[in-house]
Amino acid sequence: MFTSASSRLFQTSILISLAVCAPSAFSAEGGATKAEAEAMVKKAVAFVKANGEKKAYEEFSAKPGKFTDRDLYIVVYGLDGMVHAHGANIKMVGKNLIGLTDIDGKAFVKERVDLAKTKATFWQEYKFTNPESKKIEPKAMYCERLDSTIVCGGVYL
């Protein structure tokens, strides 16, 4: 029988194996994979728990940093839509983006907040500017609720 720690280790090993063995099945060419996004979010949640919000948010927003990899970066929102950390655009920190919409008019931050209020983990799709290509592209964001925040990392499809 697996203990909680060995179960998490097993799950992490599976995610890493998927990221290494089948990246093209989960990512846009050259971009991060879904498995890598999930692994980075889990690493970010653990970092917050171990180091506190202040240190974690500074690290998540640092460029270059250990929470930025190609087009993958960490974003942390409050359940009110306030940005606490943003790995691609430090100017977003401290802004409430609850009303932000994508090119199709989808209120993706509000949707993300609403999903986090009912689910501990989830994937969400919308369109956003890829920091690598500078083009608006379909994006899938993996998020985990942590207390009154949402820790997210996404991939471009």
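Filtered by the rule that a residue be surrounded by 14 or more Cβ atoms within 10 Å (Cβ to Cβ) and either of a type in the set (A, V, I, L, M, F, W, C) or more than 15 Å from the chain's Cα centre (by Cα) (or both), the stretch 115-126 gives Leu115, Ala116, Phe122, Trp123.
Is it the case that some residue within the stretch 68-80 is at pLDDT 95 or above and assigned to a loop (DSSP other than H, G, I, E, B)? Yes, because at least one residue in the stretch 68-80 is at pLDDT 95 or above and assigned to a loop (DSSP other than H, G, I, E, B). For Ile103, the requirement of being out of contact with any Ser or Thr (no Cβ under 9 Å at 6 or more places or on another chain), of a type in the set (Val, Ile, Thr) and not in a strand (DSSP E or B) is met.
Answer with yes or no whether Ile98 is in a strand (DSSP E or B) and under 15 Å from Ile150 (Cβ atoms). Judged against the criteria, Ile98 is not a match.
In the set (1) part of a loop (DSSP other than H, G, I, E, B); (2) closer than 14 Å to Tyr77 by Cβ; (3) touching a residue at least 60 places away in the same chain (Cβ under 8 Å), Cys143 fails one condition alone, (1). Residue pairs whose Cβ atoms lie under 9 Å apart, separated by 6 or more positions or on different chains, with the first residue in the stretch 121-138 and assigned to a loop (DSSP other than H, G, I, E, B) and the second small (Gly, Ala, Ser) and surrounded by fewer than 16 Cβ atoms within 10 Å (Cβ to Cβ), are Glu132/Gly30.
If the condition is being surrounded by fewer than 21 Cβ atoms within 10 Å (Cβ to Cβ) and under 14 Å from the mean Cα position of the chain (by Cα), then the stretch 85-112 contributes Ala88, Asn89, Phe108. If I ask for residues that are surrounded by 16 or more Cβ atoms within 10 Å (Cβ to Cβ) and either under 17 Å from Ala116 (Cβ atoms) or touching a residue at least 24 places away in the same chain (Cβ under 8 Å) (or both), which ones from the stretch 60-69 would you list? Hits for the stretch 60-69 are Phe60, Ser61, Phe67, Asp69. Quick one: would you say Ala32 is modelled with pLDDT under 95 and within 14 Å of the chain's Cα centre (by Cα)? Yes; evaluated as a whole, the condition is true for this residue.
The values are calculated or read from the model by the stated rules, or taken from the named source; none is laboratory data. Note that the structure is a prediction, hence the values are computed from the model and not measured. Cβ: placed from backbone, ideal geometry, glycine included. Neighbour counts: every protein chain shown.
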